[in-house]
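Only one structure is covered here, and it is reproduced in the block below.
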Amino acid sequence: MVKLTMIARVTDGLPLAEGLDDGREVKDVELYKQQVKALFKNLANRPNDPSRMSVETGPYVFHYIIEGRVCYLTMCDRAYPKKLAFQYLEDLKNEFERVNGPQIETAARPYAFIKFDTFIQRTKKLYQDTHTQRNIAKLNDELYEVHQIMTRNVQEVLGVGEKLDQVSEMSSRLTSESRIYADKARDLNRQALIRKWAPVAIVFGVVFLLFWVKTKIW
Amino acid sequence: MGTENPGRPSFPASPFAAAPPTITPFSNSGHVGGSEASNLRPTRPSFPPNTLPPITAGPAGSGEPPAFRPAPPTRFNDPSLPAPPSSYGPPASGTFNRFPTPPFGSMPPGPPARAPLVGQPPFQPPPSQVSPPPPFRPQGQIPAVPMGSPPPGVNTPQIDSPFPASRPNFQPSFPPTASGYPATGASSQPTLPGYVKQSNAPFQAPQGPPVQSPFQATPVGYAPSAPTPTPHYLSQQGGLAQAPPVASPYGLHSRDQIQHPGTMPPMGSMQGLIEDFSSLSIGSVPGSIDPGVDSKALPRPLDGDVEPNSLPEGYSVNCNARYLRLTTNAIPNSQSLVSRWHLPLGAVVCPLAEAPEGEEVSVLNFVSTGIIRCRRCRTYVNPFITFTDSGRKWRCNICALLNDVPGDYFAHLDATGRRVDLDQRPELTKGSVEFVAPTEYMVRPPMPPLYFFLIDVSISAVRSGMIEVVAKTIKSCLDDLPGYPRTQIGFITYDSTVHFYNMKSSLTQPQMMVVTDLEDIFIPLPDDLLVNLSESRTVVDAFLDSLPTMFQDNLNMESAFGPALKAAFMVMSQLGGKLLIFQNTMPSLGVGRLKLRGDDPRAYGTDKEHSLRVPEDPFYKQMAADFTKYQIGVNVYAFSDKYSDLASIGTLAKYTGGQVYYYPSFQAANHSEKLSHELTRDLTRETAWEAVMRIRCGKGIRFTSYHGNFMLRSTDLVALPAVDCDKAYAMQLSLEETLLTNQTVYFQVALLYTASCGERRIRVHTAAAPVVSDLGEMYRQADNGAIVSLLSRLAIEKTMSSKLEDARSNVHLRIVKALREYRNLYAVQHRLGGRLIYPESLKFLPLYGLALCKSTPLRGGYADVPLDERCAAGFTMMALPVKSLLKLLYPSLIQLDDYLLKPSANADEFRKVMKRLPLTADSLDSRGLYVYDDGLQLVLWFGRMLSPDIAMNLLGPDAAAELSRVTLVERETEMSRKLMLLLKKLRESDPSYYQLCHLVRQGEQPREGFMVLTKLVEDQTGGTNGYVDWLVQLHRQVQQNA
């Protein structure tokens, strides 16, 4: 059963449309929405990812397809047939491209195509029940081959970005720490120098002082 | 004086200083042009006592001059002084020219002539002589001092002086004038002496007084010059000081002065002050009902609300006053100043006010760069920020923090420090802009506009015909609901059970589901109770068509309002939206049932009185809180003919930013038009959804309390599930620091909302106001409308926690305190002793205060207004924008018969017709036809002696019938068409409500009573004050503790 539907632009992760009153029965719906948003943000960084993918998260699965720089994503129960989910996304894609195709690139504000939610709503209802004649027919249709679609875990997907982040963070930490090391080394050097010569200087100083005092008094 | 003195150095002496004020009074009186007055004043003192000859001339002149008033007589300690002159003169300079020639010729006859004119005068002198001496004495002395000084040479100048005609300033003119008029002067002299003598003798009385009265009436000051010299002269002779001229404080009404000469203290004011304040003389004997007060001259807001436009230079980029109005456009700089400003200090905000064509707020898209805001205080970019560091940084105008300019937003500064791209940046040039909100401003995708209807179908609702009107109206609006194609719609009806309707688009007829379990209400269907209108249109149409007939035989008298409300909440909670409740029967079943706690007359006047006006059952407030949380705004339409505890039910609207519409004793035949217009407006006006509003202000001040219909989400975040152009919010501010150091403070209202088209936007209004250290400046910049609006909200809130009487006296007290403070500011130094003075900006405040005390929520006690009506009016007034509120408080009254009788009607004439009359029974002529318009209803008042022709033309054969049963319809006559056109115009001028037109004939009681007579706020009705009494009372209290 479809729980969430979101459509976003791949290039900048800008949300374009979202299903109406999505996630009514989902606990922690905000958490999943966050994950979806993080996923969208990652898409731009990974242009080589396959255009269709399933991502497991908790008791649900995100299915998404990327087409024409737009990502169509839906969240379903794990038990929901993958085939139907992708059928659903295909339907959305076709309609979305038909209606809003030319304006996708120029959309400048979030949810610029929020009006699409009525269509999402309508289509969603068609796919709600897996036992309808229509859906069974689709399931049996061999035209759509979904077996080779990769399934990964959400941590993994989001993790890719995270790891990259970690590396860059580590390297930047390395630079800054090496700079600190250099500073400290210079500092230590100076201290060693002082420690070495200070006693000598003091002794000389005292001697000269005594001389000076002596010449003054006597 | 200084100016004149040039001639004689000697005079400048201190004594005069005292004198000037006295003279000034003229300016106050208003008769005189302010500027001229000042000039005059100096002359008088300057004259040396020696100047006899001129004086003589003077008297003659004086005869003409208006001036004599009681004062002169008073002075009479010395018989010698005919002197009245002092009073005269100040008046118009222009007149002087004229003066010389005619006066002299006329002179001799003059005195006698005058006397006859003035009927009243004769008695004056005697009283004045007797009583006045003591008060005037001191002043009289003053002149004595100067006397010594006058050099002999002075004489010539003096002579001249009378004729200074050419210039306003007398002094310089003397030499020349003298030459010009020597002859005349000479001639006049002879007559004068005689006159003088007479005056000294018993005759004085008759002569002096007569002169006065006529002149006062004539505003034009006759040559002041003539009179002025006289005083000196007198003083010499008598040895008395000149009488200080008593300024006519009472400028407004000459009658007053005459009547109470004895009591009046001398008053003076400086011209300059005229700009500062206005004053009004009120019964000189405080407290007495003074017939002398000319009620016609009292200030009245007959032009409606005038927005303050006196903003100083540099504030031109402020947002328009229709969005944000401060109670005073000068912010006090210290706590002590705040405490002396007894009126509310704050703002009234109407964030979505309708803008006229061409002035719409421009929408800017900052999604790519992100909206520029201050890092610390989150202020939005606005015209008052300053760019520094060659455009790389900007300084926040509110918290003064230096922020970086984002790279995308960078622009170079030109030589004057302005950005080169300024003209392409509306956010830097306009006080009001709208930003498209980026994703960070959304917790969810923009919601679709959603309308949910909760309709009472119990027997009384059916009988009143309400259901039919509602169904028809909704159906007619379906095409105009905002937000196509996303708009969602749903219905629940209820009596003793709750009925749900499945409107799935695939159905042809809606399916009704009845839930009888009121204790544990549930939703029978997960989807399709709330449907997309465009998809389910046919089902919705079918439902609305069948709704009236579905229940026409319903005999159910119960109302399970509470459970139905909960059900509606469950259906809507996913999306939010607008819930419209049509309620006809008091809730009697299930949770939230209400008791007939009733309109208990015994509760009035006790401490429990207010509890009738607050919700009894916490259920409603709790529900309201939940509604707000889930972005649901509630509008309540109440129709009951019996008590239905609107205080409780209205709470739903109050805390969700909604509105209460009340149609007492609704009958479809009479009220359907009003209901359908208002419902249409409610459904189709542009609405902002799931909104929050915050107002920010500069360092050192803070908004502390908010007043209106909404719920506060945090200390300063106003949650408004659904808001539109007809709602305004008020807030009060206070100083956080004891002393403000900045020169200017800024206010920024930001409303984050979802437009019906699905765009999330931020509307930002920014305004600046100077900080002042002078209370007078605060008064000068005061905004009457905003003050009245805040005062009324405070008063209505007060009725929720105490007695009506307390709320009224609170209003009264604040006005008194404010006027007293103002008085302390000016009266002492300018000796405005007996007059009520008030700032020009607040001249209508007393009247509005009176109107407020007589408004529906505050008026009278138990019997005066039904409780429900009182509560409904309270809810309404808490939301009204300033303009509508002022109109409601002081409605317009327009005379129509002349207009209707005139053959042609063009646009120009319309404006003439719309002349508002004072709201008093005196304005109603029994031969006329009047329309009364308070923004909520119209009343056509037919005078008893109105020509039957008009009545026939307008009402046809119904003209003779009792008007309560007659409805006004357009007839086939020219007159009727004109009337309807005019009413249409009146309605168009205020579209937020539909003004149903009631007809009343003079003397038709009791309808006339409650429809018109009680609304005439200036009249004394049922134990309340009339305008004049109110002013007298205010005045007395102002003086008491001054």
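The values are calculated or read from the model by the stated rules, or taken from the named source; none is laboratory data. Bear in mind that the values here come from a model prediction, so they are computed numbers and not experimental data. Positions of Cβ are backbone-derived with ideal geometry, glycine not excepted, and every protein chain shown enters the neighbour counts. In case anyone asks, the SASA skips ligands and DNA or RNA and just uses the protein heavy atoms, side chains included. Shrake-Rupley method; radii C 1.70, N 1.55, O 1.52, S 1.80 Å.
At 1.4 Å probe radius, can you tell me the per residue accessible area of chain A in Å²? Kindly include the intermediate steps, with their values, before the conclusion.
Numbers: 12850 Å² over 218 residues.
Each residue of chain A exposes 59 Å² on average to a 1.4 Å probe.
From the square roots a ≥ b ≥ c of the eigenvalues of the alpha-carbon gyration tensor of the range B:727-839, which class results: rounded (a/c under 1.5), prolate (a/b over b/c), or oblate?
On the way: a/c = 2.72, a/b = 1.47, b/c = 1.85.
The shape class here is oblate.
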Inset, instruction - Please give the total accessible area that chains B and A bury against each other, computed with a 1.4 Å probe and expressed in Å² to the nearest 100. - result: 1800 Å²
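With 15 Å as the cut-off, how large is the P(r) tail for the range B:965-1020, expressed as percent of Cα-Cα pairs? Intermediate values should be presented prior to the final figure.
Details: 967 of 1540 pairs.
When every Cα pair of the range B:965-1020 is considered, 63 percent fall beyond 15 Å.
Nearest 20 debye, what's the magnitude of the dipole of the range B:320-443 about its Cα centre given +1 on Lys and Arg Cβ and -1 on Asp and Glu Cβ? All intermediate terms of the calculation are to be shown ahead of the outcome.
Details: 14 positive and 13 negative charges, 142 e Å.
So the magnitude is around 680 debye.
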Legend entry - Heavy atoms of residue A:106: accessible area, 1.4 Å probe, square angstrom to 10: 100 Å²
Legend entry - Theoretical gain in end-to-end length, residue B:699 to residue B:716 [0.36 nm per residue, Cα-Cα removed]: 4.6 nm
Inset, instruction - Just need the relative contact order of the range B:850-944 here, percent rounded to a whole number, with Cα pairs under 8 Å and 6+ apart. - result: 25 percent
Legend entry - Vicinal HN-Hα couplings computed from phi for the range A:194-201 (Karplus, 6.51 cos²θ - 1.76 cosθ + 1.60; Hz; Gly/Pro x): 4, 4, 6, 9, 4, x, 4, 4
Inset, instruction - For the range B:831-896 and the range B:572-607, compute the distance between their C-alpha centroids and round to whole Å. - result: 27 Å
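Rounded to the nearest 20 Debye, what is the dipole magnitude of the range B:642-780 about its Cα centre when Lys and Arg each give +1 and Asp and Glu each give -1 at the C-beta? List each step's numbers first, then the result.
Working: 15 positive and 14 negative charges, 38 e Å.
That gives a dipole near 180 debye.
Under a Cβ-only charge scheme (Lys and Arg +1, Asp and Glu -1), can you give me the dipole magnitude of the range B:752-823 about the Cα centre, in debye to the nearest 20?
On the way: 12 positive and 8 negative charges, 28 e Å.
Dipole magnitude for the range B:752-823 comes out near 140 debye.
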Inset, instruction - Mind checking which lysines have their Cα closer than 28 Å to the Cα of residue A:83? Skip sequence neighbours fewer than 8 apart in that chain. - result: A:3, A:27, A:33, A:37, A:41, A:93, A:115, A:124, A:125, A:138, B:504
Inset, instruction - Take the alpha carbon atoms of the range B:1004-1041, find their center, do the same for the range B:663-729, and report the distance between the two centers in whole angstrom. - result: 32 Å
Legend entry - Lysine pairs within the range B:583-702, Cα separation less than 16 Å, 8 or more sequence positions apart or different chains: 4
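After finding the eigenvalues of the alpha carbon gyration tensor for the range B:405-481, what semi-axes result from the square roots of 5 times each, listed largest first in whole Å? Mind dumping the intermediate values first?
Values: eigenvalues 576, 51, 19 Å².
Listed largest to smallest, the semi-axes of the range B:405-481 are 54, 16, 10 Å.
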Inset, instruction - Kindly identify chain A as rounded, prolate or oblate by the Cα gyration tensor criterion: order the square roots of the eigenvalues as a ≥ b ≥ c, call it rounded if a/c is under 1.5, otherwise compare a/b with b/c, prolate if a/b is larger, else oblate. - result: prolate
Legend entry - With DNA, RNA and ligands ignored, accessible area of residue A:30 (1.4 Å probe; Å², nearest 10): 100 Å²
Inset, instruction - Show the residues, 5+ positions off or on another chain, whose built amide H is closer than 5 Å to the amide H of residue B:657. - result: B:710, B:711
Legend entry - residue A:184 - accessible surface, heavy atoms, 1.4 Å probe, Å² rounded to 10: 130 Å²
Legend entry - Residues whose placed amide H lies under 5 Å from that of residue B:488, excluding near-sequence neighbours: B:450, B:451, B:533
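Would you work out if the range A:18-132 is rounded, prolate or oblate? Take a ≥ b ≥ c from the square roots of the eigenvalues of the alpha-carbon gyration tensor; rounded if a/c is under 1.5, else prolate when a/b is larger than b/c, oblate otherwise.
Rounded, because the longest to shortest axis ratio a/c is under 1.5.
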Inset, instruction - Would you pull out the residues with amide H under 5 Å of residue B:994's amide H, same chain only if 5 or more places away, H placed 1.01 Å from N? - result: B:678
Inset, instruction - Would you be so kind as to identify which of B:1039, B:1013, B:992 lies farthest towards the positive end of the dipole of the range B:964-1040, taking Lys and Arg as +1 and Asp and Glu as -1 on Cβ and the Cα centre as origin? - result: B:992
Inset, instruction - For the range B:657-664, take each phi angle, set θ = phi - 60°, evaluate the Karplus expression 6.51 cos²θ - 1.76 cosθ + 1.60, and give the result in whole Hz per residue in order, putting x for glycine and proline. - result: x, x, 8, 10, 10, 10, 10, x
Inset, instruction - Would you mind calculating the relative contact order of the range A:73-147 from Cα pairs under 8 angstrom and at least 6 residues apart, reporting the percent as a whole number? - result: 46 percent
Inset, instruction - Name the lysines eligible as straight-distance cross-link partners of residue B:1015: C-alpha to C-alpha under 20 Å, and not fewer than 8 places from it in the same chain. - result: B:296, B:854, B:883, B:887, B:915
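Counting other C-beta atoms within 10 Å, and keeping those with at most 13, which DSSP coil trypsin sites (Lys or Arg not before Pro) do you find in the range B:569-609?
Numbers: sites: B:578, B:593, B:595, B:597, B:602, B:608; in loops: B:593, B:595, B:597, B:608.
When the trypsin sites (Lys or Arg not before Pro) of the range B:569-609 are filtered for loop state and at most 13 Cβ neighbours within 10 Å, B:595, B:608 remain.
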Inset, instruction - Show which aspartates and glutamates lie in cross-link reach of residue A:82 when reach means a straight Cα distance below 17 angstrom and same-chain residues fewer than eight apart are skipped. - result: A:56, A:90, A:91, A:129, A:141, A:142, A:145
Inset, instruction - Using a 10 angstrom cutoff on alpha carbons, build the Gaussian network for chain A and name the most mobile of A:199, A:110, A:81. - result: A:199
